[in-house]
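Worksheet for the structure shown next.
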Amino acid sequence: MRGAGLGGGHDEREQTLNQLLVEMDGFEANQGVILMAATNRPDVLDPALLRPGRFDRQVIVGRPDLAGRTQILKVHAKDKPLAKNVNFETLAKQTPGFTGADLANLLNEAALLAARKDKKTIGNVDIENSIDRVMAGPEKKSQVMTEEEKKIIAYHETGHALVGWALPHADPIHKVTIIPRGRALGYTQALPDREKYLSSKAELKDRLAMLMGGRVAEELIFADPTTGASNDIEKATDIARRMVMEFGMSDKLGPMLYGKGSNEVFLGRDYGRQQDYSDEVASSIDEEVRNLLNDAHVIAGKILKKFKKQMDAMVKELMEKETLNKNDVAEVFKTIKKVKISGTGKNLKLA
């Protein structure tokens with residue numbers, strides 16, 4: 001985009017763009033020339049490039065859907081000895097949001113894991129482990145934790161899983177583990193059972209409560225929360241702030257966008273927002289974000305207190321097995337029914 005350089009002027013970026021525009025204007029209608037180009041940053045293109053007669057048709061290539069992931073997996077699996085019971089559609093359901101490169105990497109990792117065990121074929125267990133490696137990082141076998149730390153992590157992950165299981169709009173729990181991977185000391189994997197392109201206010205609120213579940217479980221059992229919830233709090237705060245500032249999901253502030261992105265393309269365009277609202281409104285935004293997070297904290301607390309027996313049973317299973325799949329989780333939580341939430345703040349009730 002022209003005019004985005006420091007101090008303006010005719011730098012090499014602008015000269016290249018100007019020449020490209022001149023060359024594209026040289027095509028005649030009867031020459032039968034079609035010019036194609038690709039970019040992963042359409043937001044920084046100069047408007048002159050996108051006018052009629054130039055790049056006037058845009059084809060958006062997003063992340064593949066369920067059917068797309070299934071076909072991509074089949075392509076990358078052609079030269080690999082997969083076990084007969086590997087189901088591509090089931091595997092595609094476990095990898096929402098994966099790109100083609102992610103899926104190729106997934107099968108390559110699975111092949112490496114199978115080769116290390118001297119196996120002739122790649123089985124479902126290898127692929128499951130490969131998904132964990134791609135999503136959360138390699139397993140840290142050298143990281144030895146004390147029993148007390150394992151217990152804290154087990155309660156933390158159980159808090160996420162139990163709150164997610166009890167809430168009606170949260171994604172189904174797929175896996176819970178207390179084995180350290182990447183930067184995480186353990187993690188709870190919740191995957192949607194279908195392709196989702198939109199999120200409702202109720203779904204986002206349930207996601208906030210689920211993120212708070214780990215921190216609340218530590219508070220209930222040990223009365224002394226650890227630093228393990230820092231990433232959860234970061235994610236929850238980001239979701240809550242976007243609900244208020246971008247999605248218009250605040251009753252107090254209404255359906256309005258607060259804060260515009262900077263127009264400077266190459267000088268930190270994504271660095272921050274321009275404050276186009278008063279300090280009074282900024283204070284209201286902070287208050288609304290705080291209220292959303294506090295409500296999520298209260299909801300998680302009420303759920304964990306109500307189902308403390310099941311929480312203790314889940315922790316016992318995790319301490320023994322370290323990793324539980326969706327069937328194991330369903331067995332432990334089979335007596336838990338979905339809860340209904342009404343009210344906000346001090347009037348918040350659980351049924």
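The values are calculated or read from the model by the stated rules, or taken from the named source; none is laboratory data. Keep in mind the model is a prediction, meaning the values are calculated, not measured. Heads up, the Cβs are rebuilt from the backbone with ideal geometry, glycines too, and the neighbour counts pull from every protein chain shown. Calculation scope for accessible area: heavy atoms of the full protein, side chains included, ligands and nucleic acids excluded. Shrake-Rupley method; radii C 1.70, N 1.55, O 1.52, S 1.80 Å.
Odds and ends about this structure:
- Subset of segment 178-187 that is open to solvent by 30 Å² or more (accessible area, probe 1.4 Å) and of a type outside the set (Gly, Ala, Ser) - its residue that is farthest from Asn325 (Cα to Cα): Arg183
- Of all residues in segment 130-154, those that are farther than 17 Å from Arg116 by Cβ have Cβ atoms under 6 Å from Cβ atoms of residues that are open to solvent by 40 Å² or more (accessible area, probe 1.4 Å) and of a type outside the set (Val, Ile, Thr), 6 or more apart or on another chain, in Ile153/Leu185; Ala154/Met319.
- For segment 180-191, the criterion of being over 28 Å from Ala92 (Cβ atoms), within 15 Å of the chain's Cα centre (by Cα) and either modelled with pLDDT under 95 or part of a helix (DSSP H, G or I) (or both) is met by none of the residues.
- Close pairs from segment 326-351: first of a type in the set (Ser, Thr, Tyr), partner open to solvent by 50 Å² or more (accessible area, probe 1.4 Å) and assigned to a strand (DSSP E or B), Cβ under 9 Å, at least 6 apart: Ser342/Lys349
Per-residue answers, yes or no, for (1) on the phi > 0 side of the Ramachandran plot; (2) modelled with pLDDT of 95 or more; (3) not in a helix (DSSP H, G or I):
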| residue | (1), (2), (3) |
| --- | --- |
| Glu280 | no, no, no |
| Met314 | no, yes, no |
| Leu324 | no, no, yes |
| Lys334 | no, no, yes |
| Lys337 | no, no, yes |
| Lys346 | no, no, no |
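- Members of segment 123-170 that are of a type in the set (Gly, Ala, Ser), open to solvent by 40 Å² or more (accessible area, probe 1.4 Å) and part of a helix (DSSP H, G or I): none
- Enumeration of residues in segment 319-345 that are more than 16 Å from Ile299 (Cα to Cα) and either open to solvent by 60 Å² or more (accessible area, probe 1.4 Å) or over 24 Å from the mean Cα position of the chain (by Cα) (or both): Met319, Glu320, Lys321, Glu322, Asn325, Lys326, Asn327, Glu331, Val332, Phe333, Lys334, Thr335
- The set of residues from segment 94-107 being surrounded by 14 or more Cβ atoms within 10 Å (Cβ to Cβ) and part of a helix (DSSP H, G or I) comprises Gly100, Asp102, Leu103, Ala104, Asn105, Leu106, Leu107.
- Comparison of Ala67, Ala29, Ala37 shows that the only residue that is open to solvent by 50 Å² or more (accessible area, probe 1.4 Å), at pLDDT 90 or above, part of a loop (DSSP other than H, G, I, E, B) and not β-branched (Val, Ile, Thr) is Ala37.
- Boolean, Glu203 is among the charged types (D, E, K, R) and touching a His at 6+ places or on another chain (Cβ under 7 Å): yes
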